[in-house]
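The values are calculated or read from the model by the stated rules, or taken from the named source; none is laboratory data. Computed from a predicted model, the values in this text were never measured in an experiment. Using ideal geometry, Cβ is built from the backbone for each residue, glycine included, and neighbour counts are taken over all protein chains shown. All accessible areas refer to the heavy atoms of the entire protein, side chains included, with ligands and DNA or RNA removed. Shrake-Rupley method; radii C 1.70, N 1.55, O 1.52, S 1.80 Å.
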Amino acid sequence: DEEFDELCFEFGLELDEITSEKDIISKEKGEEKAKGASDVVLYKIDVPANRYDLLCLEGLVRGLQVFKERIDVPRYEKIIPAEGEGQRLIITEQTAQIRPHAVAAVLRNITFTKESYESFIDLQEKLHQNICRKRALVAIGTHDLDTISGPFTFTAKAPSEIKFKPLNQSQEYTASQIMDLYRTDSHLRHYLPLIENKPRYPVIYDSNGVVLSMPPIINGEHTKITLNTRNVFIECTGTDITKAKIVLDIIVTMFSEYCEKPFTVEAAEVVYPNGKTHIYPELAYRKEKVKPELINKKIGISETPSSLAKLLTRMCLKSHVTGNGNHIEVEIPPTRADIIHACDIVEDAAIAYGYNNIQMVIPKTYTIANQLPLNKLSELLRLDLAAAGFTEALTFALCSQEDIADKLGMDISATNAVRIGNPKTAEFQVARTTLLPGLLKTIAANRKMPLPLKLFEISDIVVKDPNTDVGARNYRHLCAIYYNKSPGFEIIHGLLDRIMQLLEIPPNEENGYMIKAAEGSAFFPGRCAEVLAKGQSVGKLGVLHPDVITKFELTMPCSALEINIEPFV
């Protein structure tokens, strides 16, 4: 186990834990439920999200074997069948509105065992969740080719016109009935919304009208793969052609090792609505050139070009030195869709070299670190506000629209708030534009505590600003609140004086600070003042309006102060 843990680490993976089905169930559901579960040791391995080629045992073992230099990188070949003998997938124009793309391939004379069959299904599931974005971008269908006859047609029809027996069901259903059938299925119900409201559903037929699948929901029972299946027809339909090609490449490269001629794939022809044809899988190899000094410099090592080429070859990137050692030519196999930039090649060289083998050195640049002045001021103020008897609170930076608008008597459009796209909960719809609601909610949650409650918070608020590159701007605010049987305006006013005293700002009009009567929607009329400092308005203080207090489910009067501290840095 320890050796394997080491090997995973060297290869850039993490052996998360060593467990068994029994352990997992007993942890989650208790000892009782775990009785009878299997004791077989399971390795939980964390694979980076970009390495689709390591998502199944076949690919992982192959990668580790090449890494250990026990085998050479396999060469994947596509066999183009003689004219008229290959499989064809014809795409009709009806699919354009729903899932316009499709790719296909055939694995010939394959031999499945129970383990490799399960791995085959498991890989499809992992790809569906990962690169296929829960089947929204690509959906994979695998079929027993001997039960059907080509050419195949990928089209879209009205739900009532599609009728077939879905996988693992005993009778035929129409597409609408299938939707109802799987509405309660814990696994498949998540995919129904992808096509549910469309006028036509995508569907793939063979030449005799047998339904292969209704992507992205379910395959037909007729073409089900079993342990005796010898020829597998694979189709990937989707809305993103690049992802579909990658998914097809991964599946055929991983499982072509079980074919009679290992690592060979039979190509299929896809015919587009405009009559053009394309042969899939692409299984494209490409060559990239990288300078050895770039690799050495980026990693901080000094290896010879030939040893760098050897390191890259161990990572399944077949490499050799060209042009008097000035360049390394790297061949990117179809399994490595994650190699997009020279940096990806450098990273792989670093993994093969071993992160632990890179010498630690002191950086060439000599700099002295310093705290950001705004954070330094915030820290100093926090200490002194606490010394003044106030308790610090830390509240969420996101809140609901009501919190910053309706409950404070304002209109949401006037707040200039940044909205969150597709918020998960109503509690987190917008970024806060004021710290007040957070503190009022904190008091509401602590009504059992003895009075008076004195709270403060120094944090960022966010407002829209079209002049910045991101369209929004943060301001560091200080907010303090006093909650008691009487409003205690003098306590909050005293706190303001103390803050200004600490900031060394005198109480006068010219170059100091002053307060003058103002109106604020959250404050009691005639009990609100604006704080002016250094010739600008920095915030407000006052007694909160009874409506605001009741909307936050409070029962006592309350006074508050909120100022922007950035002008004082």
Mind listing the phi-derived Karplus ³J(HN,Hα) values for the range 447-455, rounded to whole Hz, using 6.51, -1.76 and 1.60 with θ = phi - 60°, and x for any glycine or proline?
5, 6, 6, x, 7, x, 9, 10, 10
Quick query: amide H of Cys558 versus all other amide H atoms, modeled in the peptide plane; which residues come in under 5 Å with a sequence gap of 5 or more or a different chain?
Leu544
Highest mean first, how do 76-82, 62-68 rank when packing is the count of other Cβ atoms within 10 Å averaged over residues?
62-68, 76-82
Hz values of 3J(HN,Hα) by residue in the range 319-325 - Karplus curve (6.51, -1.76, 1.60), Gly and Pro given as x:
9, 8, 7, 10, x, 6, x
About its Cα centre, what dipole magnitude does the range 77-280 give when the only charges are +1 on Lys and Arg Cβ and -1 on Asp and Glu Cβ, stated in debye to the nearest 20?
600
Of the heavy-atom accessible surface of the range 447-569 (probe 1.4 angstrom), what whole percent is carbon and sulfur?
51
Could you work out the relative contact order of the range 97-174, using alpha carbon pairs under 8 angstrom and six or more residues apart, expressed as a whole percent?
14
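Per residue, how much accessible area does the range 286-357 show when a 1.4 Å probe rolls over the protein heavy atoms, in square angstrom? Don't skip to the answer; put the middle values down first.
On the way: 3530 Å² over 72 residues.
In whole numbers, the range 286-357 has 49 Å² accessible per residue.
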Can you give me the long-range amide H partners of Lys157? Hydrogens built in the peptide plane at 1.01 Å from N, cutoff under 5 Å, separation of 5 or more residues or another chain.
Tyr201, Val203
Just to be sure I understand the curve: with the Debye formula and one point per C-alpha of the chain, what is log10 I(q)/I(0) at q = 0.06, 0.08, 0.11, 0.12 Å⁻¹?
-0.53, -0.83, -1.04, -1.09
When the chain is fully extended, how far beyond the present Cα-Cα distance does Glu566 get from Glu83, taking 0.36 nm per residue of separation?
166.4 nm
In Å, the Kirkwood estimate of hydrodynamic radius for the range 373-568 over Cα pairs equals 17.2
Provide the FRET efficiency to the nearest 0.05 for the Asn446-Asp497 pair, computing r from the beta carbons and using R0 = 22 Å.
0.25
Accessible surface of the range 77-280, 1.4 Å probe, proportion on carbon and sulfur as whole %
48
Between Asp460 and Glu32, with labels modelled 7 Å along Cα→Cβ, what's the label distance in nm to one decimal, could you check?
5.0
Options Ala342, Pro292, Gly323, ranked by Cα towards positive dipole end of the range 286-357, top entry (Cβ charges)
Gly323
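How do Glu32, Glu269, Glu562 rank by accessible surface area computed with a 1.4 Å probe, from largest to smallest?
Numbers: Glu32 135, Glu269 55, Glu562 30 Å².
My answer, sorted largest first, is Glu32, Glu269, Glu562.
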Among Lys68/Lys297; Lys245/Lys276; Lys407/Lys441; Lys157/Lys198; Lys114/Lys224; Lys448/Lys485, the pairs whose Cα-Cα distance exceeds 19 Å are Lys68/Lys297
Just going by the charge dipole of the range 77-280, with Lys and Arg at +1 and Asp and Glu at -1 on Cβ, which of Ser170, Phe154, Leu192 is farthest out on the positive end?
Leu192
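Tell me, what is the per residue accessible area of the range 71-159 in Å², probe radius 1.4 Å? Before the final figure, lay out the partial values.
On the way: 4050 Å² over 89 residues.
With the other protein chains kept in place, the range 71-159 gives 46 Å² per residue.
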For the range 1-137, give the magnitude of the charge dipole about the Cα centre (Cβ charges: +1 Lys/Arg, -1 Asp/Glu; no others), in debye to the nearest 20.
940
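The range 451-499: which trypsin sites (Lys or Arg not before Pro) are DSSP loop and have at most 16 other beta-carbon atoms within 10 angstrom? Don't skip to the answer; put the middle values down first.
On the way: sites: Lys454, Lys464, Arg473, Arg476, Lys485, Arg498; in loops: Lys485.
Answer by residue number: Lys485.
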Enumerate the residues in the range 218-261 having an amide nitrogen under 14 Å from the point lying 7 Å beyond the Cα of Asn208 toward its Cβ.
222-224
Taking a straight Cα-to-Cα line shorter than 12 Å from Lys22, and setting aside same-chain aspartates and glutamates fewer than 8 residues away, one finds Glu31, Glu32, Asp39
Express the accessible area of the range 1-46 per residue in Å², computed with a 1.4 Å probe while the remaining protein chains stay in the model.
76
What residue among Leu436, Leu374, Ala517 has its Cα farthest toward the positive end of the dipole of the range 373-568, where the charges are +1 on Lys, Arg and -1 on Asp, Glu, each on the Cβ?
Leu436
Contact order relative to length for the range 1-46, counting C-alpha pairs under 8 Å separated by 6 or more residues, stands in percent at 43
Using a 10 Å cut-off on Cβ atoms, rank the peptides 1-13, 103-115 from the highest mean neighbour count down.
103-115, 1-13
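With an 8 Å cut-off on Cα pairs and a minimum separation of 6 or more residues, tell me the relative contact order of the chain in percent.
Values: 1034 pairs, mean separation 65.0, N = 569.
Normalised by residue count, the contact order of the chain is 11 percent.
In the structure shown, do any of Lys424/Lys516; Lys454/Lys551; Lys27/Lys126 have a Cα-Cα gap over 31 Å, and if so which? Don't skip to the answer; put the middle values down first.
Working: Lys424/Lys516 42 Å; Lys454/Lys551 20 Å; Lys27/Lys126 24 Å.
Pairs exceeding 31 Å: Lys424/Lys516.
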Using alpha carbon centroids, what distance separates the range 180-214 and the range 67-85, in Å?
34
In debye, nearest 20: dipole of the range 286-357 around its Cα centre with unit charges on the Cβ of K, R (+) and D, E (-)?
120
What is the distance in Å between the Cα centres of the range 538-569 and the range 138-164?
64
Which ³J(HN,Hα) values, rounded to whole Hz and listed in residue order, are derived for the range 533-542 from phi using the Karplus coefficients 6.51, -1.76 and 1.60 in 6.51 cos²θ - 1.76 cosθ + 1.60 with θ = phi - 60°, glycine and proline given as x?
9, 6, x, 9, 7, 10, x, 9, 9, x
Considering only protein heavy atoms, what is the solvent-accessible area of Glu303 at a probe of 1.4 Å, reported in Å² to the nearest 10?
60
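What does the highest-first list of 83-90, 364-371, 270-277, 539-546 look like by mean Cβ count within 10 Å? Show your work: numbers first, answer last.
Working: 83-90: 14.9, 364-371: 5.9, 270-277: 12.5, 539-546: 21.2.
Final packing ranking: 539-546, 83-90, 270-277, 364-371.
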Grab the Cα-Cα distance for Lys424 and Glu172, subtract it from 0.36 nm times how many residues apart they are, and report the gain in nm with one decimal.
86.9 nm
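Which of the helices in the chain, when you take each full DSSP H run, stretch at least 18 Å along the axis at their Cα atoms and have an average Kyte-Doolittle score of -1.0 or higher?
On the way: long enough: 114-129 (23 Å, -1.25); 241-255 (21 Å, 1.60); 373-387 (21 Å, 0.34); 489-502 (20 Å, 0.79).
TM-like helix candidates: 241-255, 373-387, 489-502.
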